[in-house]
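The values are calculated or read from the model by the stated rules, or taken from the named source; none is laboratory data. Note that this is a predicted model, so its numbers are computed, not measured. When we count neighbours, we look across all protein chains shown, and the Cβ atoms used for this are built from the backbone with ideal geometry, even at glycine. Each accessible area value is taken on the protein alone, full model and side chains, heavy atoms only, with ligands, DNA and RNA left out. Shrake-Rupley method; radii C 1.70, N 1.55, O 1.52, S 1.80 Å.
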Amino acid sequence: WGIEVQKHTKSGDQWIVVERKVYNVSQWVKRHPGGLRIIGHYAGEDATDAFNAFHPNLQLVRKYMKPLLIGELEASEPSQDRQKNGALVEDFRALRERLEAEGCFKTQPLFFILHLGHILLLEAIALMMVWYFGTGWINTAIVAVILATSQAGWLQHDFGHLSVFKNSRWDHLLHKFVIGYLKGASACWWNHRHFQHHAKPNILKKDPDVNLLNAFVVGKVQPVEYGIKKIKNLPYNHQHKYFFFIGPPLLIPVYFQFQIFHNMIAHGLWVDLVWCISYYVRYFLCYTQFYGVLWAVLLFNIVRFMESHWFVWVTQMSHIPMDIDYEKHQDWLSMQLVATCNIEQSYFNDWFSGHLNFQIEHHLFPMMPRHNYWRAAPRVRALCDKYGVKYQEKSLHFFIMDGCTLFHFFWTDALLHCH
């Protein structure tokens, strides 16, 4: 079936296959709630597992897809394209069904209520400390740590993945509240960017998280490509040094900050903009009365600086040390496992990473509530062992050190290939 379907991959002419049905999504991509790029990334191939991973109400989505249906695969045609392992694909889908039957996709409401409550409590404690103890250096440092460790970023991630409520409308509403009012960012910007990352992790030109704006070269393919073409926008042979100056420190305070506001204005995301502005109004009303405008801005950036480091080490070091390459059209399980690794479980690691130490399980089942990842992990590992798919789990120390050294090795590898 691949010959015909694979012809339709260009913008304006895109077909996908879901559950053996062929859909022409050429025009629908413009109205797709998840953005046009994520569908475009699957044009010309089977998108069944991605479809199941991102849609909580499959019956409703199938109803909207009916007008797009143009045919079905012949009974003699395999369900998998491009020589994917059919047995592995079917076993993975069976595993998903078993986990659903066992309640691994059911939420414990108290978990998320307590998490939201502790964020609001920490916000209140930070403000009360300034009011009661003043604006001295020591107290301000403690306040900055409290604000940076409130973990609203992990909670917005839960709502953004629609993993909390049965009715996804509530997830969308709370997502806008947490990411907008509590963090000063855009839900639509986050969805558009993050879902692409989940759909095609570590795939060059498809995953925005490995689009590093020519500031760094990553993986084994890109450094060699840059070396052969003699592309040297920056001294990449020293990227392991300047990474610590322009990577973690500036990602959230500068790059994301600019991208968020540019995206909201350019795409007319006025609802998100209102939520975002409400954060800044709240923050400056609360803190300028104690610090004045200049020092309140400084406190804001110190908090963002700490959050940025935390975010990079937790999220990017689960992926950057893994395989980064162009599209290989792998099955869902294999694609996620070559691009993702776990950090060993402990109470601290669970807290520090917002349960994203189970990054593998999160990527395979993005709508699974994070408090259930540990239940899925042994099953996933067993399935990987059965088919020889490497399941990587590292200690937190090795995980951080691995990320620190890789940027040097990437460029060294490129130099060796060039010579």
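Taking 0.36 nm per residue of separation and subtracting the Cα-Cα distance, what length does fully extending Lys30 through Glu97 add?
Working: separation 67, 0.36 × 67 = 24.12 nm, distance 3.12 nm.
Extra length from Lys30 to Glu97 when fully extended: 21.0 nm.
Helix 187-199 versus the longest principal axis of the chain: what angle, 0 to 90°, nearest 10, using Cα atoms?
40
Give me the three principal axis extents of the range 76-216 from the C-alpha atoms, as integers in angstrom, largest value leading.
Cα extents, longest axis first: 74, 44, 24 Å.
Give the distance, in whole Å, between the Cα centre of the range 200-220 and the Cα centre of the range 347-401.
22
Only Lys, Arg, Asp and Glu count, each charged at its Cβ (+1, +1, -1, -1), so figure out the dipole size of the chain about its Cα centre, rounded to 20 debye. Provide the component values of the computation, followed by the final result.
On the way: 39 positive and 34 negative charges, 146 e Å.
Magnitude of the dipole: close to 700 debye.
What aspartates and glutamates could a cross-link reach from Lys7, if we take a straight Cα to Cα line under 15 Å and drop same-chain neighbours fewer than 8 places away?
Correct list for Lys7: Glu45, Asp46, Asp81.
Calculated FRET efficiency, Gln259 and Ala215, Cβ-Cβ r, R0 22 Å, to nearest 0.05?
0.95
Hey, what do the phi angles of the range 44-54 turn into as Karplus ³J(HN,Hα) couplings, whole Hz, using 6.51/-1.76/1.60 and θ = phi - 60°, x for Gly and Pro?
3J(HN,Hα) across the range 44-54, in whole Hz: x, 8, 6, 10, 4, 6, 5, 4, 5, 6, 9.
Please work out how much length the chain gains when fully extended from Ile231 to Phe245, using 0.36 nm per residue of separation minus the C-alpha to C-alpha distance, in nm with one decimal.
Values: separation 14, 0.36 × 14 = 5.04 nm, distance 2.15 nm.
This chain segment gains 2.9 nm when fully extended.
Could you work out which residue, out of Ile343, Ile113, Ile125, moves most in a Gaussian network model of the chain, that is, has the largest mean-square fluctuation with Cα springs under 10 Å?
Highest fluctuation among the options: Ile113.
May I ask you to list the lysines whose Cα is less than 18 Å away from that of Lys230, ignoring any residue fewer than eight positions away on the same chain?
Those lysines meeting the cut-off are Lys220.
Taking H placed 1.01 Å from N in the peptide plane, check which residues at least 5 places from Glu72 or on another chain put their amide H under 5 Å from its amide H.
Distant-sequence amide H within range of Glu72: Val22.
Excluding same-chain residues fewer than 8 positions from Lys10, which lysines have a Cα within less than 27 Å of its Cα?
Within the straight-line cut-off, Lys10 pairs with Lys21, Lys30, Lys63, Lys66, Lys84, Lys200, Lys205, Lys206, Lys229, Lys328.
So which trypsin sites (Lys or Arg not before Pro) in the range 281-347 are both in a DSSP loop and have at most 16 other Cβ atoms within 10 Å of their Cβ?
Filter output for the range 281-347: Lys328.
Mean-square fluctuation check for the chain, GNM, Cα pairs under 10 Å: which of Gly86, Gly40, Gly292 is largest?
Highest fluctuation among the options: Gly292.
Write down the accessible area per residue of the chain in Å², having rolled a 1.4 Å probe over the full set of protein chains.
Working: 20370 Å² over 419 residues.
Per residue, the chain has 49 Å² of solvent-accessible surface.
Filter the chymotrypsin sites (Phe, Trp or Tyr not before Pro) in the range 282-360 down to the DSSP loop ones having no more than 13 other Cβ atoms within 10 Å, then list what survives. Working shown, then result.
On the way: sites: Tyr283, Phe284, Tyr287, Phe290, Tyr291, Trp295, Phe300, Phe305, Trp310, Phe311, Trp313, Tyr326, Trp332, Tyr347, Phe348, Trp351, Phe352, Phe358; in loops: Tyr326.
Sites meeting the loop and neighbour criteria: Tyr326.
Tilt of helix 137-148 relative to the longest C-alpha principal axis of the chain, in degrees (0 to 90, nearest 10)?
With rounding to tens, the tilt is 20 degrees.
DSSP loop trypsin sites (Lys or Arg not before Pro) in the range 184-240 with at most 10 other Cβ atoms within 10 Å of their Cβ, which ones?
Lys230
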